[in-house]
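Taking it in order: structure first as structure tokens, then the write-up.
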């Protein structure tokens, strides 16, 4: 796929500094970090530049709750 940036985040706890993210941008640059503000800024920059964005999240507690419900 062309003109798409891929982002993923491990949602731990922002308050406890347990948040991490990584991305591969449409221009083939890679970025990662632990600040949710940077994650949001990179996503916004890509969208504002006309690049398609996909975002994935890892959240064990949510998945556990969903699986318990099912």
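Descriptive notes on the structure:
- Output for the range 18-60, where each listed residue is closer than 11 Å to residue 7 by Cα and free of Cβ contacts under 8 Å to residues at least 12 places away in the same chain: 30, 31, 40
- Residue check for residue 6: in contact with a strand residue (DSSP E or B) (Cβ under 8 Å, 6 or more places away or on another chain), at pLDDT below 85, surrounded by 14 or more Cβ atoms within 10 Å (Cβ to Cβ) and not in a helix (DSSP H, G or I): no
- When residue 50 is tested against the conditions (1) modelled with pLDDT of 95 or more; (2) at negative phi, the lone failure is (2).
- Checking each residue in the range 9-31 for being over 11 Å from residue 52 (Cα atoms) and part of a loop (DSSP other than H, G, I, E, B) picks out 14, 15, 16, 17, 27, 28, 29.
The values are calculated or read from the model by the stated rules, or taken from the named source; none is laboratory data. Everything quoted here is computed from the prediction, not taken from an experiment. Note that each Cβ is placed from the backbone with ideal geometry, even for glycine, and that neighbours are counted across all protein chains shown.
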